[in-house]
Structures are given as C-alpha cells and as structure tokens.
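Below is one structure, written out as structure tokens; the observations come after it.
Read-outs throughout are calculated quantities, based only on the coordinates presented, and are distinct from any laboratory measurement. Treat the numbers as computed from the prediction; the structure is a model and nothing was measured. A quick note on method: Cβ atoms are made from the backbone with ideal geometry, for glycine too, and the neighbour counts reach across all protein chains shown.
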Amino acid sequence: MCLGVPGKIEKISGNDDPVFVTGMVNFGGVLREVCLAGIRDAKVGDWVIVHAGFALNKLKEEEAFEVFDYLRQISEFGRNELGDDKDTSRHTEKADTG
C-alpha cells in the first residue's frame, strides 16, 4: 500500500535542468526537500501529493485538508482500537519458547 501525503510548496530550487528540480515542501510544519520533476508547472504556494520524496500531482487546498481530515480519523480510530494508555506491548504476541 502506498500513502501520498499532501504538502505545500514553500520554495523551489533554481536548477536549470527540469529533471533535477526540487523544492521545500511543508507538511504541517515539517519541511522536507521533494523532487518536483513530475510537476511541470509547480510554483510556490501549490499543494502537491508526495510519495517517497516525489511530488506526484497537484491538488486544491480543499482536497489537501480533506486528506488531513481522513488521516485524523484514521489516527482516532487507531487510538480507540488500541486504547488511550499508549501501552502497545499488550497488543504484541510473543512466541512461547517453551
């Protein structure tokens, strides 16, 4: 399974070769360098979906926030399933070594 995460382009490198164009993308306050070669008309302020360090496509800001909402719901579901005690050791089976 792959997970593409939305981020906002904050800065684009001045590389003349479009194959090596990169940018700093903001993922909720965390900045990461991302390859923008797959997005021909990328500009600062655009929202992009990023997987494994590569921007795959642009999206609208509303779509990005919709994805953030889905991720929040998944996180809440996980917390509810595991419990709020954050002790995941009780959810790990250990082999009987006998």
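For residue 56 paired with residue 40, estimate the spin-label separation in nm (one decimal), with each label point 7 Å from Cα along the Cα-to-Cβ line.
So the two model labels end up 2.1 nm from each other.
Largest first and to the nearest Å, give the Cα extent of the range 5-84 along each principal axis.
51, 21, 18 Å, listed from the longest principal axis down.
Once the other residues with Cβ under 15 Å from the Cβ of residue 68 are scored (Lys, Arg +1; Asp, Glu -1), what is the net sum?
Local charge sum for residue 68: -3.
In nm, give the distance between the simple-model label positions of residue 80 and residue 17, each being 7 Å from the Cα along the Cα-to-Cβ direction.
About 5.1 nm separates the two model spin labels.
Roughly how many nanometres apart are two label points built 7 Å out from the Cα toward the Cβ at residue 67 and residue 24?
Computed distance between label sites residue 67 and residue 24 equals 2.1 nm.
Lys and Arg at +1, Asp and Glu at -1: add these up for the other residues within a Cβ distance under 13 Å of residue 42 and post the number.
Neighbourhood net charge equals +2.
Using alpha-carbon pairs under 8 Å, 6+ residues apart, how would you state the relative contact order of the range 2-43 in percent?
Taking the mean separation of contacting Cα pairs over the length of the range 2-43, I get 33 percent.
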